[in-house]
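What follows is calculated from the coordinates using simple rules that are stated; it is not laboratory data. For clarity, every value in this text was computed on a predicted model and none was experimentally measured. Quick reminder, even Gly has a Cβ in these numbers, built from the backbone with ideal geometry, and neighbours come from all protein chains shown.
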Amino acid sequence: MSAPDLVVFHAHITPCDDATTQMGAIGELRQIEDGAIVVRGGKITRIGETERVLSETTLGPETQLLDAGGRALIPGFVDPHTHALHAGRRIPEMQLRQDGRGYLEILQAGGGIQETVRATEAAEDAAIVRATRQRIAQAVAYGTTAVEVKTGYGLTAARETRLLRLLALVRKRAPIAIARTFLGLHAWPMGTSDRAAHLQEMNALLADVAQKELADAVDVFCEEGVFSVEDARAHLEAARAVSLAIRLHADELRPSGGAELAAELGARSADHLLAATDEGLRAMAATGVISVNLPGTAFFLHERPLQAARQREAGVRAALATDQNPGSSPTFSMPMALALAMHTAGFRPAEALLAATRNAAAAVGMEEHRGQLAEGFAADFLLLDDSDYRVLFYAFGMNPVSQVFAGGRQLAQDGNATEEMRQWIDS
Ligand code: NIG
Ligand code: FE
């Protein structure tokens, strides 16, 4: 075997490899107190005790050696739910909500998502691509090494097709894995008179999306006053028919049967679920639908997050994401999502860490290659600024991620993008 590219040693490793991934059955995660990992060709080829690994590995002249000095080493975060592809911010809307206007009320009045649709339509292609890459680079500096990005600020077939094209440009030569989700049904286009015709057009678009491999999954904002369970069912059935994975923004603000629909259709995930019923959660557990927790959104919308205890009781597998978007969760920080999951939703640190890595990878179909540290998996990992990974929950609002590696290459150091990352933003 050729010499390794990189060996990291004297690290306190939490591989997230052997613990059960169901909530409720998680004990403490396996730890390697003084561990090492060996990287070749972007993958982990060995992981174990430092002494053993070093004595059994033949280093080459080019092998980079990194002494972690006892710091915590964990899998890179997989952020399985973002709306990073857009232009503009919505700071005044935040203030409107504080002064009593509802999120859906603002949307119905032509603001909210519609405002971002207008800003995105007005922006140049290159500006959107660059802004999206910048957001991804910031996420990486906070430890994200794989991310899902949705379309959804187009709403019409023509504008959504443009966003799919821009998403392909964003992904070109990307230093981290980017999963693509088509969210054409994110809101009704302004002034839609014939809703049935619009749905038909959007459903018909899916065959093209699949055939040209423009997205991996399809999502719908299923919510009272937005898309009904019937609208969502028809669209997701059309997606399934062309072999696209399906997901759902479900029961975000009001219970509308979204969790049950996700279970019925065998969706990969149902996301948000702030207003999901226990029956809905149990139905999801029974069919293996992952619940994607977005505690940053609950925090920012002043709502109570989905509690870990309810998911434990239902036996549903939980993932964690930022929901990065300009209206309901402008953060791209996975450490912030982790801290909120513990302190506002009752996740145990071990549960939250699995939710942000292994279970998150499953929510975007990357479980076979990412989300845990094991031989054959991508060398996507983080060094924290403490030996105890729980610093992530302790130093809330801060960035305890000191070094970020994806595919064995360093992309950030102490919150700053490396040259490689900066070049990608500008390329
Ligand atoms: O996940 N709920 C729908 N979509 C996003 C918010 C989009 C926006 O407000 O721009 C969400 O919360
Ligand atoms: Fe969302």
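Quick look at the numbers
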{"quantity": "Overall form of the range 192-296 per C-alpha gyration tensor (a/c, 1.5; a/b vs b/c)", "calculated": "oblate"}
{"quantity": "Label-to-label distance, nm, for residues given as Ser243 and Glu105 (7 Å Cα→Cβ offset)", "calculated": "4.8"}
{"quantity": "Part-to-part distance (alpha-carbon centres) for the range 317-378 and the range 256-302, which is given in Å", "calculated": "15"}
{"quantity": "Volume per residue that the Cα convex hull of the chain spans, once the total is divided by residue count, Å³", "calculated": "129"}
{"quantity": "Distance from the range 55-79 to the range 399-426 (C-alpha centre basis), Å", "calculated": "15"}
{"quantity": "Three-way shape label, the range 73-187, alpha-carbon gyration tensor, a/c 1.5", "calculated": "oblate"}
{"quantity": "Förster radius 35 Å - calculated FRET efficiency between His10 and Glu368 (Cβ-Cβ, nearest 0.05)", "calculated": "0.75"}
{"quantity": "Most to least packed among 43-51, 378-386, 266-274, 98-106 [average Cβ atoms within 10 Å]", "calculated": "266-274, 378-386, 43-51, 98-106"}
{"quantity": "Simple spin-label estimate for Ala174 and Glu279 in nanometres, 7 Å along Cα-Cβ", "calculated": "3.9"}
{"quantity": "Coarse-grained scattering of the range 1-129 at q = 0.09, 0.22 Å⁻¹, given as base-10 log I(q)/I(0) from a Debye sum over alpha-carbon atoms", "calculated": "-0.56, -1.25"}
{"quantity": "Environment charge of His10, counting only residues whose C-beta is closer than 9 Å and scoring Lys/Arg +1, Asp/Glu -1", "calculated": "-1"}
{"quantity": "Spin-label pair His302/Asp388, simplified geometry with 7 Å Cα→Cβ offset, distance in nm", "calculated": "3.5"}
{"quantity": "The range 241-337: Cα Rg divided by the 2.2 N^0.38 Å rule of thumb", "calculated": "1.02"}
{"quantity": "Three-way shape call for the range 314-374 based on the alpha-carbon gyration tensor, with the a/c threshold at 1.5", "calculated": "oblate"}
{"quantity": "Binned Cα-Cα distances of the range 256-393, short to long, each 5 Å bin given as a whole percent", "calculated": "2, 11, 19, 23, 21, 15, 7, 3, 1"}
{"quantity": "Beta bridges per DSSP with both ends in the chain, % antiparallel, nearest 5", "calculated": "45"}
{"quantity": "Mean Cβ count within 10 Å, highest first, over the residues of peptides 211-222, 330-341, 77-88, 365-376", "calculated": "77-88, 330-341, 211-222, 365-376"}
{"quantity": "Environment charge at Val316 (Cβ cut-off 14 Å; Lys +1, Arg +1, Asp -1, Glu -1)", "calculated": "-2"}
{"quantity": "5 Å binning of all Cα-Cα separations within the range 361-410, expressed as whole percents from 0 upward", "calculated": "5, 20, 20, 20, 21, 13, 2"}
